Structure formats: structure tokens, C-alpha cells
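Asker: Take this structure, written in C-alpha cells, and hold onto it; I'll ask about it next.
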Amino acid sequence: MTFNVLGLTEETERVYAVLVHTPHATASELAGACELSVPSTTRQLADLVKEGLATRATGRPPRFTAAAPDIAVTALIRRREKQLDEARSQVHRLMEAHREASRISSPDLAVELLTERADVSTAVQCMTTQAQREIRAFDRPPYVDRPGSNLDEQIKRQRRGVAHRVIYDRAAVAWPGRLADDILPSLRAGEQARVRTELPLKLVICDSRVAIIPISSAPGGQLAAYLVKSSPMLVALEALFEAE
């Protein structure tokens, strides 16, 4: 048997294998069979006790008994699996950091795929916060955040001169409470709006600088979005908006 994948040394495994056949043994009794010195055998036994693979009885000299392999080794495997899961989580965090660093270091990348709901929401918030001149949008369900949740921020932007031009899908206008609680207050604050029976997609364009196209198969489903930077694709999206 090979337990090195579980963090055990060859010597520790050897002592455990002999101990399984020799219950209530002392370090001296095991040393010869393991072809190790008594001090080395004592250290391996201490490691086995620490890992839950052996028990130590009181007395002088102390005697050791191997724990049942099916229970003790399985528990050790589960501990290693937990450590591997933690390592995978750390890798995921590092991947996110690497992706963010790559995004910053590759500003000419025309399109970036966002695959986390939080990333999509954050991207939209950053885009609209940084807008200086104009925000254009196709508004249709499904929604990442509650419709109208950004009304106060939109009104602040409009008051400082950021124009908002929005084309609403009929389903957006029919959303419960949306018209009275969000759309009409936006219009009173200066938003320019139109309504279409059906829009081809959801879209937000900020300052002819960046756009985002949220994609979702169904409300509450897996969400993804394309973040489109200055490129021919962005020009095409602007043309689509103006055509509508």
C-alpha cells in the first residue's frame, strides 16, 4: 500500500503496516521488524498517533495499537480531500485575481466574457458611474438587479448633465410597479424614452466608450454578459441602438 499521497512518509507507512500485525507493541519491539532505529520508530509512531492511525496506551514503555485501517485511513483521506477543496478554492481566487490583472494589462481586448452575476452587476455600476456624457440602453427583462434600484443614482447623473436615452421593451413597461415607481420619475428628471413591442437584446452603452450585453437563458438562470470596449463591434451596437 502507498500512503505517500496522504502525506505519510515511507517509514511511517512501514511502521503502520507492521503495527497492524503487532498490536500492543512497543517502539523497541517494532524497530527490528521495520528495520529502523528505536528513536526513528518512536517518531513514526508519534506521527501515526497524530494522524489518528494508532493509539498509545499509558505505561512504561508505552505500547501502541494500530487503528482499524478502514476507519482511520478513510478519515485521513477525507481530511486530505478537504485540504484539496481548500486548495481548489484558493486556485479559483487566484484565477479571479489573474483575470482582473489581465483585464487591466490588456486594455485593447475588444470583448470580455463575464460569467458571474456579481461581476455583471459590478460592471454595469462602474460603467454608469464613470459616464460623462451619455448613457444609452435597451431595457428588457430578465434583470440582474431589481428594476428601479438605481433610480437615485440615475437622477444624480442626469442633474450633472449625463443624458439618458432609453428604449423600453413592452415587457419592461408592464413589469409590476415599474412605470410609476421608476420610468415616470426618470422621465420627469430628463430621461428620453421610447417603447418598442420587443427588443432584440439588453444593452447599455456609456459615452461611446464601453457597452455591456447581459445574456440569460431564463430569469434566475445562469447569467453571463459581454463587456465590449472601443472597437468596430461597439460601433455596430451604437448603430443598432440608433436604428431602433
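Asker: Condition first: of a type outside the set (A, V, I, L, M), part of a helix (DSSP H, G or I) and touching a residue at least 12 places away in the same chain (Cβ under 8 Å). Now tell me which residues in segment 13-54 satisfy that.
Answerer: GLU13, ARG14, TYR16, SER28, CYS34, SER40, THR41, THR42, GLN44, ASP47
Asker: From the list VAL120, VAL124, VAL91, exactly one residue is touching a Pro at 6+ places or on another chain (Cβ under 7 Å), in a helix (DSSP H, G or I), more than 21 Å from ALA180 (Cα to Cα) and modelled with pLDDT of 75 or more. Which is it?
Answerer: VAL120 is the lone residue from the list that is touching a Pro at 6+ places or on another chain (Cβ under 7 Å), in a helix (DSSP H, G or I), more than 21 Å from ALA180 (Cα to Cα) and modelled with pLDDT of 75 or more.
Asker: Which of (1) under 20 Å from ALA236 (Cα atoms); (2) touching a residue at least 60 places away in the same chain (Cβ under 8 Å) is the odd one out, the single condition ALA123 does not satisfy?
Answerer: Condition not satisfied by ALA123: (1).
Asker: Next question. Could you grab the pairs with beta carbons closer than 9 Å, sequence gap of 6+ or different chains, first residue in segment 103-117 and more than 14 Å from ALA225 (Cα to Cα), second one open to solvent by 50 Å² or more (accessible area, probe 1.4 Å) and at pLDDT 60 or above?
Answerer: Matching pairs, first to second residue: ARG103/LEU109; ASP108/SER230.
Asker: I'd like to know if segment 161-168 contains one or more residues that are on the phi > 0 side of the Ramachandran plot, within 31 Å of the chain's Cα centre (by Cα) and not aliphatic (A, V, I, L, M).
Answerer: Checked segment 161-168: no residue is on the phi > 0 side of the Ramachandran plot, within 31 Å of the chain's Cα centre (by Cα) and not aliphatic (A, V, I, L, M).
The values are calculated or read from the model by the stated rules, or taken from the named source; none is laboratory data. Bear in mind the structure is a predicted one, so any value in this text is a computation, not a measurement. Cβ sites come from the backbone with ideal geometry, for glycine too, and all protein chains shown count toward neighbours. To get the accessible areas, we keep the full protein, side chains included, count just its heavy atoms, and leave off ligands, DNA and RNA. Shrake-Rupley method; radii C 1.70, N 1.55, O 1.52, S 1.80 Å.
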